[in-house]
Amino acid sequence: MNLGGGLFLGVISLLGLLSCYFSIKKKVFAFNIAMLFYFISLISISSEYASWSFSIGIDSTISTALGNTEFGIDIFSAVMLVLLVLAKKKVKNDTQERLKEAVNLV
């Protein structure tokens, strides 16, 4: 019995749940967890010998084939990664501004 695949899917699902939990708790590192989650689902590779694909339920993959190997990029995951990077940058800038204001008040 192969437990590696099931264990991997469990860890990936746990990443999604942890990013939601820490987002609710307003922890900045929740962005990193969510970015890892979407990065894992970004790329898919399939050949006659092996394949790699992780979908989060919305299949919006654009793929191309080179010989017997097919490469794909999930558009939804790419958009989510860009949005998360922009949101993290905004939160970081807001935090730095608040720290500067707090230092000036002291």
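The values are calculated or read from the model by the stated rules, or taken from the named source; none is laboratory data. On a predicted model such as this, the values are computed, not experimentally measured, just so you know. As a convention, Cβ positions derive from the backbone with ideal geometry for all residues, glycine included, and neighbour counts pool all protein chains shown.
When the residues of the range 1-40 are filtered to those that are among the small types (G, A, S), modelled with pLDDT under 85 and surrounded by 14 or more Cβ atoms within 10 Å (Cβ to Cβ), the one that is nearest to K88 (Cα to Cα) is S23. Scanning the range 57-75 for residues that are among the hydrophobic types (A, V, I, L, M, F, W, C), without any contact (Cβ under 8 Å) to a residue 24 or more places away in the chain and surrounded by 13 or more Cβ atoms within 10 Å (Cβ to Cβ) returns a single hit, I75. Please find, within the range 55-102, the residue that is farthest from the chain's Cα centre (by Cα) out of those that are assigned to a helix (DSSP H, G or I) and closer than 19 Å to S44 by Cβ. Ranking the qualifying residues of the range 55-102, first place goes to I75. Is it the case, given these coordinates, that S46 is closer than 21 Å to A30 by Cα and in contact (Cβ under 8 Å) with a residue 24 or more places away in the chain? Answer is no for this residue.
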